[in-house]
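See below for the structure under consideration.
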Amino acid sequence: MIDIQPVAAPGAPLARRNPVAKVAAALVFSFVLLATLDPVAPALAIAVELAVLPLFGVRYRLLALRAWPLLASAVGVLVTLVLFAADRSGRVLLDASPVLVTSGVLVTALGLVLRLLAVALPGIIVFATTDATDLADALIQNAKAPARFAIGALAAFRLVPLLGQEWQMISMARRARGVDAGRNPVARLRLFVSTAFALLVGAIRRGTRLAVAMDARGFDAGVPRTVARRQRFGLADWALIASAAVVSGAALTVSVLLGTFRPLIG
Amino acid sequence: MFREGGVAVGSVVLRGFGWRHAGRKRWAVRGLDLRVERGERVLLLGPSGAGKSTLLAALAGLLPEDSGEQEGTVEIDGLDPRKARERVGIVFQDPESQLVMARCGDDVAFGLENRGVPAEEIWPRVDEALRRVGFPYRRDRPTAALSGGEQQRLALAGTLALRPELLLLDEPTANLDPAGAAQVRRAVAEALDADTTLILVEHRVTEALPLVDRVVVVEPGGGVRADGTPEAVFAAHGDVLAAEGVWVPGHPVPPRRAAGPAGDLLITADRLGLPPRLAPTDLSVRAGEALAVLGPNGAGKSTLALLLGGLLRPGAGRVTASAELAGRDARTPPHRWRAPALARRIGSVFQDPEHQFVTGTVRDELALGPRRTGTPEPAVRATVDELLERLGLAALAGANPYTLSGGEARRLSVATALATAPRLLICDEPTFGQDRRTWRELVDLFAGLRDAGHGIVAVTHDADFVAALADRTVTLERRP
Amino acid sequence: MNHTDSNRWRTIDIVVAAVIAVAFGVVFWAWGLVWKAADPAFAAAPAAQAIMYGVWLVPAVLGGLVIRKPGAALFCETVAAVVSALLGSQWGGVVIVQGLVQGLGAELAFAAFRYRSFRLPVAVLAGALTGLSAALFDFFVWNSEYALVGYRLPYAALTVVSSALIAGVGGYYLTRALANTGALDRFPVARDRATV
Ligand SMILES: Nc1ncnc2c1ncn2[C@@H]1O[C@H](COP(=O)(O)OP(=O)(O)OP(=O)(O)O)[C@@H](O)[C@H]1O
Ligand SMILES: Nc1ncnc2c1ncn2[C@@H]1O[C@H](COP(=O)(O)OP(=O)(O)OP(=O)(O)O)[C@@H](O)[C@H]1O
Ligand SMILES: [Mg+2]
Ligand SMILES: [Mg+2]
């Protein structure tokens, strides 16, 4: 079952910040770090990210849970690099053609893995602590996003847990009518595909009705909408974005000063 | 009446109105001439499939030009309904698809925001609307965690909060428990002031009568069958209308009692539960008996039905099938049986008919179960044709199940379970949205099965159904 | 009414586009796990994994083909990316920008035909272009450390091929299949159907 509720302790000082500010800060932080390929800057960034975690009210265990696919992809990066690194300079550590592991390859791999983590974690942290309704409200009120599109997307997002239930319902309906796949993997795959298709069809039908219901309640009436839930974008929110820029910039600067900096382009 | 340039304010005027849904040969409504003045309360009656929901959608300006063909005209205060939407509030037959937001309070506020109501007025109006419909939860309750009846109440609150001049209600109490239905009717009565026009579609006339001062019966072929005060209409045409399918007060339906005593045990539930949806429950069903499961909204009746039907894994306790029902499989619980074996023994009808549809046409839908359980093709065709005929779906055999009217969809979903004639039939609200004729047909089908030695479990809020068919009842309590 | 008369989005356009995106956001979330699980299968030639890439790009093409309005491809792909981020995607917030970039490719293809033609070749072009924009993003942002000939170029080429096939051809036939169920009756794709 997919859960769309945010998981932060409510009231954690940074989780409470404006959702747009949180997303912007995460993007700023990530994109600054994308610019380098060395291990030092991302390592510093990860240290900072882990240090601010309590301020977002996220427990370390939860982060580990959400980030495990990321760790798996880190392994994938390592394997791929051992085989296909562009830079194979440095001392040869292992040579069993075509596998050639050099110290250069290991440094590059370390850099890439750390960069992957450093770039992804801010997004994971922010989205784990952000409610979709608040995000849509803030996008409309603080980022001047078109309200019809933001609310429409939000209404569709509400269907996510329903899609989970719907999947269960479709499976139950089929079972009740004598349709199942047993142990045959091909039959299972076919049942999976047909269930997924039925889910998509059901979702579209639901979307169609939802649109009618929304129109019935004046959604597209041309009257300027008011907002029931006020989202504020204050000094603290600007400060959050600014600190993201400053901290990530500082990590890069340290790396430049240490002479390890390797720009992405150039 | 107030007149402005010859047009009555607050009035609904239909002239020769007709609508044909895209993809259909038959007109859903046709040749309708009707005038409803401001402040009138109208009960709109007619057999299932007569086009009542279509008519309400037209009045709410919700029949887009690209979805069908129109004849004649509709006017609200002299305006095209598509331009008068802010004066009209509608609650649809199916509550689930009209909830927009993730939290209950936000959902009620949604319409107010759209209408540009000042922010500081919104929350008081939300709270008032929720209180009026007797909504039992806080504003931040997720809408995804509501039972069918709770959703209906929330949808009504979302519309009442808008204080519409013309209120359109399409079977607003279809899934509510009797107490909840009474509460919703009270809420509607309270919400109506002298200027509010009400058009109510409801098959169950007796309960709806206190709310209305005029009855309009629409004819399935087109036009208005009868129109006037309830007393006048029922006095003049009561017998004919009852025969045609209207639930005319004072025309009781004959009960269908069991022909003999109940037979062998079919299935037993021991402390069966699924926290937090269903508290531990004991229950048993025998061959040749009809058991009605009653209880307030949210008590866990639908959950119980799915557990008994072998579709959900119990969270506590167990379901045991007897050897009479399951033969050698009786040692394993139903939720572990292979699907064809399950479908042959236990048939399930879900609360929401649409959750149940698997194929693209009404005919295929009915044929699927018998085919999967290995019935020979001529027998399949005979069964399908008989069910289509008896349940008034013959003209819709080629239609897509998702385009049926509420009552038609319900009948189809019941018929899919009847088609395999399973030994045990578990139905969740099998009779909602039915007119008197289709209702009797359904009850006869159930009674026939029971007298042939099948067991029937029906989750229901329908007191007539319980009185006519049930041999025993079980009532679930709502947990505090 | 063979193409939509106005470029203004109706409520139903917005909601159904978003629903398609949301459904695929969920699919992405699951697909990310499948992608990871398939890693060992591609251990010998990791670049070949890009043949699975097209699935990420289906909403862009599907959205464009169903909605047929300017911005549909972009909107669908971006919302799908945001949804997968909200559900806890492993790539974090960067997917949002990635989604924007990817949606742009398909959008350009539909725009090139002035939102008038939605036949198979256009769908394939949309798939290929969205694959190209995705490949460019990956080429510079994620894959710059890998060998050019052994990895980066085949990866990019396979991405484009996979998108043309899975997102382009697949998206086209998926649209047709959806229209056949009657679910798209209020969209221009479903103009001709039998009456009952
Ligand atoms: N979207 C649709 N597409 C095609 N046909 C439709 C659609 N909606 C309704 N119909 C058909 O139009 C006819 C009238 O349907 P409508 O829902 O208005 O009936 P109703 O009087 O409300 O019935 P009920 O009491 O069962 O709810 C039915 O035959 C139905 O199958
Ligand atoms: N998937 C679910 N997840 C969590 N809670 C649920 C879920 N489905 C239902 N519930 C809750 O479980 C309780 C029982 O639900 P159920 O649908 O079984 O009630 P019911 O007796 O059938 O009600 P109604 O008469 O309104 O149909 C309700 O309080 C409902 O809010
Ligand atoms: Mg109806
Ligand atoms: Mg129920």
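The values are calculated or read from the model by the stated rules, or taken from the named source; none is laboratory data. Here the structure is a predicted model, which is why all the values come from computation and not from measurement. Neighbour counts run over all protein chains shown; Cβ positions are idealised from the backbone, glycine included. Keep in mind that these areas ignore ligands, DNA and RNA; they rest on the heavy atoms of the full protein, side chains included. Shrake-Rupley method; radii C 1.70, N 1.55, O 1.52, S 1.80 Å.
Observations
- Verdict on C:SER133 being assigned to a helix (DSSP H, G or I) and among the hydroxyl-bearing types (Ser, Thr, Tyr): yes
One line per residue, one yes/no per condition, for (1) away from ligand 2 (no atom under 16 Å from the Cβ); (2) surrounded by 24 or more Cβ atoms within 10 Å (Cβ to Cβ); (3) in contact (Cβ under 8 Å) with a residue 24 or more places away in the chain:
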{"residue": "B:PHE92", "(1), (2), (3)": "yes, yes, yes"}
{"residue": "B:GLU96", "(1), (2), (3)": "no, no, yes"}
{"residue": "B:CYS104", "(1), (2), (3)": "no, yes, yes"}
{"residue": "B:VAL117", "(1), (2), (3)": "yes, no, no"}
{"residue": "B:GLU121", "(1), (2), (3)": "yes, no, no"}
{"residue": "B:ARG131", "(1), (2), (3)": "yes, no, no"}
{"residue": "B:GLY134", "(1), (2), (3)": "no, no, yes"}
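- Selected residue (only one of B:LEU156, B:LEU169 is out of contact with any Lys or Arg (no Cβ under 8 Å at 6 or more places or on another chain), closer than 27 Å to A:ARG229 by Cα and open to solvent by less than 30 Å² (accessible area, probe 1.4 Å)): B:LEU156
- Any hit, region B:212-227, residues being more than 16 Å from ligand 1 (Cβ to nearest atom) and under 19 Å from the mean Cα position of the chain (by Cα): no
- Taken over region B:25-72, the criterion of being of a type outside the set (Ser, Thr, Tyr), part of a loop (DSSP other than H, G, I, E, B) and within 16 Å of ligand 3 (Cβ to nearest atom) is satisfied by B:ARG26, B:TRP27, B:ALA28, B:GLY46, B:PRO47, B:GLY49, B:ALA50, B:GLY51, B:ALA60, B:LEU62, B:LEU63.
- Residues within region B:446-471 that are outside any loop (DSSP other than H, G, I, E, B) and open to solvent by less than 20 Å² (accessible area, probe 1.4 Å), tallied: 11
- Test result for C:TYR115, away from every other protein chain (no Cβ under 11 Å), under 20 Å from A:VAL75 (Cα atoms) and aromatic (Phe, Trp, Tyr): no
- Residue identified as within 16 Å of ligand 3 (Cβ to nearest atom), part of a helix (DSSP H, G or I) and of a type in the set (A, V, I, L, M, F, W, C) among B:ALA129, B:ALA155, B:ALA109, B:ALA144: B:ALA155
- Count of region A:169-201 residues which are under 20 Å from B:GLY360 (Cα atoms) and either touching a residue at least 12 places away in the same chain (Cβ under 8 Å) or surrounded by fewer than 18 Cβ atoms within 10 Å (Cβ to Cβ) (or both): 14
- Taking region B:408-440 as the range and being more than 16 Å from ligand 1 (Cβ to nearest atom) and polar (S, T, N, Q) as the test, the residues that pass are B:THR416, B:THR420.
- Residue that is closer than 18 Å to B:PRO353 by Cβ, under 20 Å from the mean Cα position of the chain (by Cα), away from chain A (no Cβ under 13 Å) and within 16 Å of ligand 4 (Cβ to nearest atom), where the choices are B:ARG390, B:ARG410: B:ARG410
- Residue match in region B:303-313 (condition: polar (S, T, N, Q) and away from ligand 4 (no atom under 16 Å from the Cβ)): no
- Within region B:58-72, residues that are more than 15 Å from A:GLY218 (Cα to Cα) have Cβ atoms under 9 Å from residues that are among the aromatic types (Phe, Trp, Tyr) and open to solvent by 30 Å² or more (accessible area, probe 1.4 Å) in these pairs: B:GLU69/B:TRP27; B:GLU71/B:TRP27, counting only partners at least 6 apart in sequence or on another chain.
- Scanning region B:172-197 for residues that are small (Gly, Ala, Ser) and either open to solvent by 20 Å² or more (accessible area, probe 1.4 Å) or free of Cβ contacts under 8 Å to residues at least 12 places away in the same chain (or both) yields B:ALA174, B:ALA179, B:ALA182, B:ALA189, B:ALA191, B:ALA194.
- Among the residues of region B:138-156, just one is within 14 Å of chain A (Cβ to nearest Cβ), over 19 Å from B:LEU56 (Cβ atoms), touching an Asp or Glu at 6+ places or on another chain (Cβ under 9 Å) and small (Gly, Ala, Ser), namely B:GLY148.
- Residue selected from region B:393-429 under the condition farther than 22 Å from B:ALA321 by Cβ and assigned to a loop (DSSP other than H, G, I, E, B), by the criterion farthest from ligand 2 (Cβ to nearest atom): B:GLY398
- Filtered residues of region A:202-245 (kept if closer than 17 Å to B:VAL100 by Cβ, open to solvent by 40 Å² or more (accessible area, probe 1.4 Å) and of a type in the set (Lys, Arg)): A:ARG209, A:ARG225
- Selection within region B:207-225 - more than 14 Å from B:THR54 (Cβ to Cβ), at pLDDT below 90 and open to solvent by less than 50 Å² (accessible area, probe 1.4 Å): B:GLY223
- Sub-6 Å Cβ pairs linking a first residue in region B:45-57 that is assigned by the TED database to the domain that holds B:GLY31 to a second residue that is part of a loop (DSSP other than H, G, I, E, B) and within 16 Å of ligand 2 (Cβ to nearest atom), at least 6 apart or interchain, are B:SER53/B:GLN93, ordered by first then second residue.
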